[in-house]
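Below: one structure, written as structure tokens.
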Amino acid sequence: MRTSFAVVLVLSSLALAQTPDWQKVNEETLRHFSALVQLDTTNPPGNETRAVEYVKKVLESEGIPVIIAAKDPARANLIARLKGNGSKKPLMIMGHTDTVRIDASKWTQPPFSAARQGGHIYGRGTVDDKDNLTAAMMTMVLLKRLKVPLDRDVIFVAEAGEEASTAMGIQYLVENHWKEIEAEVCLAEGGSVTRRNGQVRYALIQTAEKLPQAAKLVAHGPAGHGSRPLRSNAILHLSRAIEKIAMWDPPMRLNDTTRYYFEKLATISTPEERARYNALFDPAKAAATREFLAEREPGHYSMLHTSISPNIITAGYQVNVIPSEATATLDIRALPDEDVPAFFEMMRKVINDPSVEVVHERRNQRPVASPSRIDGETFRALEATVQKIYNAPTLPQMSTGATDMAFLRSKGVQCYGIGPMVDEEDAPKGFGAHSDQERILEEALYKFVQFNWESVTALAGSRQPQ
Ligand SMILES: [Zn+2]
């Protein structure tokens, strides 16, 4: 026992010698991040190979070999690996190279400029996902440069097509390059560190996500002359069905992630918010609280159950014709453990109209993925790293949207979504991911690289003498 204590002492002094020179790293980070934002990888069409070429050059100049894996040569993925001693199974860190579309007229700074102004860096992809891409790449560079001994391989994946063309990216890699990316744990986009009035409140680490589903409501009725209105008009029946289904409060069901999330959020909220989140657990107050959330905190409301949003309506073709059919398309976001056929049965009961069919639609579907553990050493290590870098508590989060982690979770990989510090006030101003404009706090980028480095060295750094 004494010798191992001595080893720990030697190792911790080694660890000190391996601390990166953050001032220099920040300069390097800014250079790479700006270059990556300046590459237009808007999806569609993607052209992610542009970003892959850049990352390849950076990694190869450090002596890190890369694998290029592409279904379409213009939309390549990159895989790189640093070897560990094999005492633990690999850790994967990833970032996607594509970005969503832009409307150039909405931008005060050109969308691919990486312009720095007032403490922000502007550009499409600055918080989705060239931040994760850069931070993971920098972590690889630093691990290699500082020759950090590893207990497990660290695999870096820069994937294409996260924004609705996963067949080019993660799905392609899982199906065709599984051996090269197989890992026990993965870190990817999906989390964030929330600031309010310039103060860090908490970090969100994504441990679960909802599963996108879709349905069509199809109302049927007799066609007729518009001069003789019918109570059986398909549009009328469809409208009633939409109202019933959109105003329905589906059964609330919390999982480990969302239960812990609301419990912990309550402890760090204002007294008013605290009472509200606690009321979710009180059967006498829960229904009124849910109604409040439906109005005021739709993101929280959606976390409570499988949600339904009517997003497309199609009906009618001429002013004097009563159409015989009317349809609505519903965006359904299922809880990870939802019994989907049973949920559709419930929807039919809620609509309760024999002239309206509820049809399950296919969509670019992600696989069913069980939540990642929040009681294991990985989550605890990330929590400790958040405390160290941000001096803030960590909340596990179930995202209402889907990410590439679904493909990995469905293969048994424990995935955790991480992200940089963002001002809560920024997204409502139109500066979030997928917004009219996008920006990151420059300070947040540097901290995020540090957070990545600390997380990866905590999860993969060797505690055994080499
Ligand atoms: Zn993204």
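Looking at (1) within 21 Å of PHE451 (Cβ to Cβ); (2) within 16 Å of the ligand (Cβ to nearest atom); (3) in contact with a Lys or Arg (Cβ under 8 Å, 6 or more places away or on another chain); (4) open to solvent by less than 10 Å² (accessible area, probe 1.4 Å), which one does VAL127 not meet, given that it meets all the others?
(4)
Where residues in the stretch 150-170 are away from the ligand (no atom under 16 Å from the Cβ) and of a type in the set (A, V, I, L, M, F, W, C), which of them is most open to solvent (accessible area, probe 1.4 Å)?
Residues of the stretch 150-170 away from the ligand (no atom under 16 Å from the Cβ): 150-156, 167.
Add one more test, that the residue is of a type in the set (A, V, I, L, M, F, W, C), and what stays is 150, 154-156, 167.
Working: LEU150: 10, VAL154: 0, ILE155: 0, PHE156: 0, ALA167: 42 Å².
This residue is ALA167.
In the stretch 330-348, how many are aromatic (Phe, Trp, Tyr) and either over 17 Å from ARG253 (Cα atoms) or crowded, with 17+ Cβ neighbours inside 10 Å (or both)? Please lay out each step first, then the result.
We begin by selecting, within the stretch 330-348, every residue aromatic (Phe, Trp, Tyr); these are 343-344.
Narrowing the set further to residues that are either over 17 Å from ARG253 (Cα atoms) or crowded, with 17+ Cβ neighbours inside 10 Å (or both) leaves 343.
Of the residues in the stretch 330-348, 1 are aromatic (Phe, Trp, Tyr) and either over 17 Å from ARG253 (Cα atoms) or crowded, with 17+ Cβ neighbours inside 10 Å (or both).
Look at the stretch 349-407 and say how many of its residues are away from the ligand (no atom under 16 Å from the Cβ), open to solvent by less than 30 Å² (accessible area, probe 1.4 Å) and either part of a helix (DSSP H, G or I) or without any contact (Cβ under 8 Å) to a residue 60 or more places away in the chain (or both).
Selection size over the stretch 349-407: 10.
Condition first: under 18 Å from ALA115 (Cα atoms), away from the ligand (no atom under 14 Å from the Cβ), touching a Lys or Arg at 6+ places or on another chain (Cβ under 9 Å) and open to solvent by 10 Å² or more (accessible area, probe 1.4 Å). Now tell me which residues in the stretch 419-449 satisfy that.
Scanning the stretch 419-449 gives ASP426, GLY430, PHE431, ASP436, GLN437, LEU441, GLU442.
Looking at (1) over 20 Å from the mean Cα position of the chain (by Cα); (2) surrounded by fewer than 18 Cβ atoms within 10 Å (Cβ to Cβ); (3) at pLDDT 95 or above, can you tell me which one GLN464 breaks?
Here GLN464 meets the rest and fails (3).
Considering each residue of the stretch 61-119, count those that are within 16 Å of the ligand (Cβ to nearest atom) and open to solvent by 50 Å² or more (accessible area, probe 1.4 Å), and give that number.
Count: 2.
VAL386: among the aliphatic types (A, V, I, L, M) and farther than 28 Å from PHE448 by Cβ, yes or no? Let's see the steps before the verdict.
Working: among the aliphatic types (A, V, I, L, M): yes; farther than 28 Å from PHE448 by Cβ: no.
No, not satisfied.
Residues of the stretch 282-311 being small (Gly, Ala, Ser) and more than 18 Å from the chain's Cα centre (by Cα), which ones?
Taking the stretch 282-311 first, the residues small (Gly, Ala, Ser) are 284, 286-288, 294, 299, 302, 307, 309.
Selection gives ALA284, ALA286, ALA287, ALA288, ALA294, SER309.
Given the criteria closer than 21 Å to TYR446 by Cα, open to solvent by less than 30 Å² (accessible area, probe 1.4 Å) and either away from the ligand (no atom under 16 Å from the Cβ) or assigned to a loop (DSSP other than H, G, I, E, B) (or both), does THR134 qualify? Before the answer, list the steps.
Values: closer than 21 Å to TYR446 by Cα: yes; open to solvent by less than 30 Å² (accessible area, probe 1.4 Å): yes; either away from the ligand (no atom under 16 Å from the Cβ) or assigned to a loop (DSSP other than H, G, I, E, B) (or both): no.
Taking the combined requirement at face value, the residue does not satisfy it.
I'd like the full set of residues that are among the aliphatic types (A, V, I, L, M) and farther than 15 Å from ALA402 by Cα, limited to the stretch 329-348.
The first filter runs over the stretch 329-348 and keeps only residues among the aliphatic types (A, V, I, L, M), leaving 330, 332, 334-335, 340, 342, 346-347.
Scanning the stretch 329-348 gives LEU330, VAL340, ALA342, MET346, MET347.
What helices (runs of 4 or more DSSP H) completely inside the stretch 1-118 contain at least 1 residues that are at pLDDT 95 or above and more than 25 Å from the chain's Cα centre (by Cα)? Steps first, please.
Working: elements: 2-17, 22-38, 49-61.
Because the criterion is at least 1 residues that are at pLDDT 95 or above and more than 25 Å from the chain's Cα centre (by Cα), the helices (runs of 4 or more DSSP H) in the stretch 1-118 that meet it are 22-38, 49-61.
Can we say THR139 is touching a residue at least 24 places away in the same chain (Cβ under 8 Å), buried (at least 24 other Cβ atoms within 10 Å of the Cβ) and assigned to a loop (DSSP other than H, G, I, E, B)? Steps first, answer last, please.
Working: touching a residue at least 24 places away in the same chain (Cβ under 8 Å): yes; buried (at least 24 other Cβ atoms within 10 Å of the Cβ): yes; assigned to a loop (DSSP other than H, G, I, E, B): no.
No.
Here are the criteria: (1) surrounded by 15 or more Cβ atoms within 10 Å (Cβ to Cβ); (2) under 21 Å from SER309 (Cα atoms); (3) over 24 Å from the mean Cα position of the chain (by Cα). Tell me which single one ALA279 does not satisfy.
(2)
Modelled with pLDDT of 95 or more, among the polar types (S, T, N, Q), buried (at least 24 other Cβ atoms within 10 Å of the Cβ) and under 16 Å from ILE418 (Cα atoms), is that true of THR194?
On the way: modelled with pLDDT of 95 or more: yes; among the polar types (S, T, N, Q): yes; buried (at least 24 other Cβ atoms within 10 Å of the Cβ): no; under 16 Å from ILE418 (Cα atoms): yes.
No, not satisfied.
Out of the residues in the stretch 174-190 that are within 16 Å of the ligand (Cβ to nearest atom) and under 16 Å from PRO367 (Cβ atoms), state the one that is surrounded by the fewest Cβ atoms within 10 Å (Cβ to Cβ). Don't jump to the end; show me each part of the working.
Filtering the stretch 174-190 for residues within 16 Å of the ligand (Cβ to nearest atom) gives 186-190.
Those left that are additionally under 16 Å from PRO367 (Cβ atoms): 186, 188.
Working: CYS186: 24, ALA188: 27.
Selected residue: CYS186.
Does the stretch 218-225 contain any residue that is out of contact with any helix residue (DSSP H, G or I) (no Cβ under 9 Å at 6 or more places or on another chain), open to solvent by less than 40 Å² (accessible area, probe 1.4 Å) and in a strand (DSSP E or B)? Break it down stepwise before answering.
Restricting attention to the stretch 218-225, the residues satisfying the condition of being out of contact with any helix residue (DSSP H, G or I) (no Cβ under 9 Å at 6 or more places or on another chain) are 224-225.
Okay, now just the ones that are also open to solvent by less than 40 Å² (accessible area, probe 1.4 Å), so 224.
In the following step, the residues that additionally are in a strand (DSSP E or B) were identified as 224.
Within the stretch 218-225, one or more residues are out of contact with any helix residue (DSSP H, G or I) (no Cβ under 9 Å at 6 or more places or on another chain), open to solvent by less than 40 Å² (accessible area, probe 1.4 Å) and in a strand (DSSP E or B).
Could you say whether any residue in the stretch 199-207 is modelled with pLDDT of 95 or more, over 28 Å from ALA76 (Cβ atoms), within 16 Å of the ligand (Cβ to nearest atom) and open to solvent by less than 10 Å² (accessible area, probe 1.4 Å)?
Among the residues of the stretch 199-207, at least one is modelled with pLDDT of 95 or more, over 28 Å from ALA76 (Cβ atoms), within 16 Å of the ligand (Cβ to nearest atom) and open to solvent by less than 10 Å² (accessible area, probe 1.4 Å), which makes the answer yes.
Considering only residues that are closer than 21 Å to ASP339 by Cα and either among the aliphatic types (A, V, I, L, M) or in a helix (DSSP H, G or I) (or both), which ones fall in the stretch 248-282? It would help to see each step written out before you state the result.
Quick first cut of the stretch 248-282, residues closer than 21 Å to ASP339 by Cα only: 248-259.
Within the stretch 248-282, MET252, LEU254, ASP256, THR257, THR258, ARG259 qualify.
If you scan the stretch 78-110, which residues turn out to be within 25 Å of LYS57 (Cβ to Cβ) and without any contact (Cβ under 8 Å) to a residue 40 or more places away in the chain?
PRO110
The values are calculated or read from the model by the stated rules, or taken from the named source; none is laboratory data. Keep in mind it's a predicted model, so treat the numbers as computed, not measured. Note that each Cβ is placed from the backbone with ideal geometry, even for glycine, and that neighbours are counted across all protein chains shown. Side chains are part of the model used for accessible areas, which takes the heavy atoms of the whole protein and leaves out ligands, DNA and RNA. Shrake-Rupley method; radii C 1.70, N 1.55, O 1.52, S 1.80 Å.
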